[in-house]
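Data first, discussion second: the structure below is written as structure tokens.
The values are calculated or read from the model by the stated rules, or taken from the named source; none is laboratory data. Predicted model, so just to flag it, every value in this text is computed and none were measured. When we count neighbours, we look across all protein chains shown, and the Cβ atoms used for this are built from the backbone with ideal geometry, even at glycine. For the accessible areas, the whole protein counts, side chains as well, though only heavy atoms, and no ligand, DNA or RNA atoms are used. Shrake-Rupley method; radii C 1.70, N 1.55, O 1.52, S 1.80 Å.
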Amino acid sequence: MQVVVLLAGIVDPKWRLERLALRPDTGQADETGLPKRFSPFDEAALETALKLRDAEPAVRCTAVVVGDAASDPLLRAVLAFRPHRAVRLDTSGLALWDPLAAVRLLGAALDALGAQPDLLLMGREFGDVDDGVLPALLAEARGCLFFGQAHAVTPAEDGPLAVRMRGPREEQQRLPSPALVSMTNDRGNRLRHPLMKNIALAKRETLEIVSPPPRHFARAVEARSLSVVPPPSRGAGACRILGGPLGAQVAELADYLRGWRGEVPQ
Amino acid sequence: MTAAIEADIIVIGGGAAGFAGALEAAERGASVVLLEKQPETGGSSAMSGGCLAFAGTDMQRAQGIEDTAALLARDLRQLGGDDADEALIEAYAANQLATYDWLKAHGQLFSPVLEASSGQSVPRVHTVDPADMVRLLAARCLATGRVQLVTGMAGRRLRRDSATGRVTGVLAEGSAGPLEARARRGVLLASGGFSRNPDLVRQFAPECEHAVFIGGDGCVGDGLRMAWALGADLRDMAQIKGTFGKHPTDELNNHSCLCVYKGAIAVNQDGRRFVDESLSYKLLGAACLRQPYGASFQILDEPILRSGDNEVRILDFERRLEEGLFIQADTIEELARQIEVPEAALVKTVADYNAGVNAGEDREFSRKHLVHNHGALRRIETAPFYAYPSTAAVYGTYCGLRVDPEMRVLDVFGERIEGLFAAGEVVGGFHGRAYMTGSALGKALVFGRIAARTAVGANSGG
């Protein structure tokens, strides 16, 4: 079984975003120098692919990192998990917020890879700018059965089984080939840590880059501006430590809560 | 125009050593200005495991643990070897119990569980929430009305009297500009180590190139270099080593995990042990960095995993299990496959180790105890089995300025640099070759107080 996992990466939220703008005349976010990492949804998709690989010797796992050269560290990070194949799909010239163009690009990339996946895995949101529409659109364009927001895909004799929770209900779907499953993060699909040995080996690997034909770069949506919205300043909230004798503090707090309760909209 | 400020004591660094020194000085009537480079106080102390090495405490007595200052000093000597400064060990041993009592008197709460860890013959790890401890000391300082805290202010150069050579203050710098901080009685350097300064680390510890570096962001060697510029002597610079037990790729936990001190063994990527696991984790870290890929695995079974202590960060195994940091398998063979070491090698390693435990003799590395001189070895035999990926992390540089037992900084000729004191991680000579759990944070408090007493001219007693 051919399993292909598509990985987008996001700008690392650990670091404060000081600047963000469009590259002139491209409609692309200029993320030069911004550290990237995988989103929890990317990680869930990757871990699911690795679990399938570990469970079934017949599974062939291909990881595709989508991005420009700034995503090469992500590709090396993927290589440290030792998928059968890992490539970067070069998206130079395309913004993923343009879902129609992105679907065309991803479809062309899969063709360029020569992969005929039985199962496509991706995060429920693909990168920083997808709101969840891309996986479903891609499934439709590829003629795949779509199963969204799964938290697990487990191997079984009559085909892999995708599982998701809908409120108190668990839903299962036997996956035919081809199928596309978007993954949500869950305790059970938290990405494992790579071994140091494999991190060291991945540093020495030659990277495989695939560039789809240029015709697939035509944009359907144009972005005209992009900027960072500054976060609220620290300590901006109304905060005061109560003082005085304990009884007075309790009384003041009680008065405050009585007044506050009255303000809650019904 | 340069702003100016004056106090009896100028303290540089707002971690445990700085606040302990400031509080001690203030309680003895001195005025103190404490300069902290970062916007918030705490430094590496607040990030530490919160372990304090105290001996002879009421907590130990209540739990039937016989410990004394003499036994503590003996352990420190045994660990530090010839490189450890006997006078500093004596100073620590003589003042640690009073510092424990002092902390308690100020309202510090300790975890009720006492553990034995690196370098300890008996359980003497007294655990606190380190960030809370620094906050408590800071609050007590401010409550005296004699301590002024200035954050966002970095010390740049020490000032000396041109005639006497005495240190008279420090030129500091903040976002608003320079500040001349004048000290009537002395300057106390409590500015931490230099684990965040790659140039200094490369200069003094090139073998730690592949280690993980963890420490307060401000730990770039400010105090060390300022005193160095005045001719201060340095100690233990060749002893910088990473501490064993840091997960090499986990970014959430800054602390080491010492399953070995509860009975695990350490194996390399070839599936072989490489060290006596009961040694100080500083020595384990050095041995680990010499293994292929600079990494290893702690191998343990279910009973060892459950023997961890959730109150002590370095022994909190269950939380790390919940975080997915342990690799788990039902057999040693399956565990070997998961960590990609040769199955036969790991099976043999575990079997040989268990046979050694049965025979009471570890023929390969002569391990006799779980940790230092404490605890009986245990077999690794009950499924599930676990592997904890481990490398060495440089949490502190454990080396630095040469001081006398009163915490006066000495120059390269062994002479005092008058008016200059040091405490905490910036001090060298105390640890020597290895390191006892709780002695770094302990030294911050104990030496910080000694330095303050010396500076105010009251350096006897606790």
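What to note about this one:
- Rounded, prolate or oblate (a/c below 1.5 giving rounded, otherwise prolate when a/b exceeds b/c) for the stretch A:78-146 by Cα gyration tensor: rounded
- Normalised contact order of the stretch B:243-394, rounded percent, pairs of Cα under 8 Å and 6 or more residues apart: 38 percent
- Global geometry of chain B, whether rounded, prolate or oblate, following the gyration tensor of its Cα atoms and the 1.5 cut on a/c: prolate
- Counting DSSP beta bridges with both ends in the protein assembly as shown, the antiparallel % (nearest 5): 50 percent
- Dividing the radius of gyration of the alpha carbons in the stretch B:149-244 by their Kirkwood radius gives 1.02 for Rg/Rh.
- Taking the convex hull of the alpha carbon positions in the stretch A:2-217 and averaging its projected area over all directions gives 12.4 nm².
- According to the Kirkwood relation over distinct C-alpha pairs, the hydrodynamic radius of the stretch B:416-462 is 11.6 Å.
- Pairs from the list A:36/B:282; B:104/B:246; A:36/B:443; B:241/B:443; B:246/B:348 with a Cα-Cα gap above 29 Å: A:36/B:282; B:104/B:246; A:36/B:443.
- Antiparallel DSSP beta bridges within the stretch A:2-217, as percent of all bridges there, nearest 5: 30 percent
- Shape analysis of the stretch B:1-61 places it in the oblate category; the axes a ≥ b ≥ c from the Cα gyration tensor give an a/c of at least 1.5, with a/b not above b/c.
- Occluded residues from the stretch B:268-313, i.e. those whose accessible area drops by 20 Å² or more once the chain is not alone (1.4 Å probe): B:269, B:293
- In degrees, nearest ten, helix B:343-359 long axis to first principal axis of chain B (Cα): 80 degrees
- Contact with the other protein chains removes 20 Å² or more of accessible area, compared with the isolated chain and a 1.4 Å probe, from these residues of the stretch B:339-371: B:340.
- Take the Cα of residue A:257, step 7 Å toward its Cβ, do the same at residue B:148, and the gap between the two points is 4.1 nm.
- The charge dipole of the protein assembly as shown, taken about its Cα centre with unit charges on the Cβ of Lys, Arg, Asp and Glu (plus for the first two, minus for the last two), comes to roughly 980 debye.
- Relative contact order of chain B: 25 percent, from C-alpha pairs under 8 Å at least 6 residues apart in sequence.
- Carbon plus sulfur fraction of accessible area for the protein assembly as shown, probe 1.4 Å, in percent: 51 percent
- Loop-located chymotrypsin sites (Phe, Trp or Tyr not before Pro) in the stretch B:361-462 (DSSP state not H, G, I, E or B) with no more than 11 neighbouring Cβ atoms inside 10 Å: B:413.
- Estimated 222 nm signal from helices in the protein assembly as shown, with DSSP H stretches of n ≥ 4 weighted -39500 (n - 2.57), rounded to 500: -9000 deg cm²/dmol
- Amide H contacts of residue A:5 (H built 1.01 Å from N, in plane; Pro and chain starts excluded): A:62, A:63, A:64, A:121 sit under 5 Å, all sequence-distant by 5 or more or on other chains.
- Accessible surface buried at the B:A interface totals approximately 1200 Å², computed with a 1.4 Å probe on protein heavy atoms.
- Heavy-atom accessible surface of the stretch B:243-394, averaged per residue, reaches 37 Å², computed with a 1.4 Å probe.
- Most simply put, chain B has about 60% antiparallel DSSP beta bridges, counting only bridges with both residues inside it.
- Among the trypsin sites (Lys or Arg not before Pro) in the stretch A:1-95, those placed in a DSSP loop whose Cβ has at most 16 other Cβ atoms within 10 Å are A:14, A:16, A:19.
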